[in-house]
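Let me begin by presenting the structure, written as structure tokens, before commenting on it.
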Amino acid sequence: MRADPPTRPALRFYVVAYDDPESVRFVDTVQAFYVERYGGADRTPVDPAEFAPPRGLFLLGRLPGAGAVCCGGWRRHTAASVAPEDRAVLRPGDAEVKRMWVDPTHRRRGIARALLAELERTAAAAGCARTVLETGDRQPEAVAFYRAAGYTDLPRFGVYREEPGSLCLARDLTAGPDPLA
């Protein structure tokens, strides 16, 4: 006998400013997690304007009765924004996924998969052909999640390009949506 698949929560996504107070609360939580796992906050430079349409997007996901339960965003790379040492890896038009986070009390319900699918959908709709991201080997849950979603290894880029524990991943958006979403 086959078990019924879990029902998806009534999750709704809202475009918000990266520096909106509710976004800042989530980003601060993500940074505190990085301090726990890595001993310091993410050093990647982030300008809130990079996450404002049309350059990028930042989302909060809300559940009825629970409020905001997740966040995530993407920022578009341009020829001018890609550092010379990253030009062999990053392409103009890549959407870099940043600050993806699901509140721990709401995990294991498909929220992360739904959030990633929405980030990919909006990036593709904005003309981006690929999503890229940087994570670390001290986040095996994230690494497994992204790989299960079709992300493949990419040479390291950005401020962590020389860090052995840094893992960079990419997914071609022209291949269509994540089949597991």
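The values are calculated or read from the model by the stated rules, or taken from the named source; none is laboratory data. Bear in mind that the values here come from a model prediction, so they are computed numbers and not experimental data. Don't worry about glycine lacking a Cβ; one is built from the backbone with ideal geometry, like all the others, and counts go over all protein chains shown.
Can you list the strands (runs of 3 or more DSSP E) found entirely within the range 85-158 that contain at least 1 residues being surrounded by fewer than 17 Cβ atoms within 10 Å (Cβ to Cβ) and free of Cβ contacts under 8 Å to residues at least 40 places away in the same chain? Working first, answer last.
Numbers: elements: 95-102, 130-136, 152-154.
It comes to 152-154.
Only one of these is among the β-branched types (Val, Ile, Thr) and over 16 Å from Gly72 (Cα atoms): Val159, Val132. Name it. Show your work before the answer.
On the way: Val132 fails: over 16 Å from Gly72 (Cα atoms).
Only one candidate qualifies: Val159.
I'd like the full set of residues that are touching a Gly at 6+ places or on another chain (Cβ under 6 Å) and either in a loop (DSSP other than H, G, I, E, B) or at pLDDT below 95 (or both), limited to the range 1-18.
Result: Arg8, Leu11.
Can you tell me how many residues within the range 19-52 are modelled with pLDDT of 95 or more and touching a helix residue (DSSP H, G or I) at 6+ places or on another chain (Cβ under 8 Å)?
Count: 1.
I'd like the full set of residues that are under 17 Å from Glu96 (Cα atoms), free of Cβ contacts under 8 Å to residues at least 40 places away in the same chain and not in a helix (DSSP H, G or I), limited to the range 21-66.
Asp42, Asp47, Ala52, Arg55, Gly56
In the range 129-138, what count of residues is obtained for those that are under 23 Å from Leu173 (Cβ atoms) and over 13 Å from the mean Cα position of the chain (by Cα)? Write out each step before concluding.
Let us first name the residues in the range 129-138 that are under 23 Å from Leu173 (Cβ atoms), namely 129-135.
When the remaining residues are screened for being over 13 Å from the mean Cα position of the chain (by Cα), the result is 129.
Qualifying residue count, the range 129-138: 1.
Out of all the residues in the range 159-170, which are in a strand (DSSP E or B) and surrounded by fewer than 20 Cβ atoms within 10 Å (Cβ to Cβ)? Give the derivation first.
Here is the first cut: in the range 159-170, the ones in a strand (DSSP E or B) are 166-170.
Answer for the range 159-170, where residues must be in a strand (DSSP E or B) and surrounded by fewer than 20 Cβ atoms within 10 Å (Cβ to Cβ): just Ser166.
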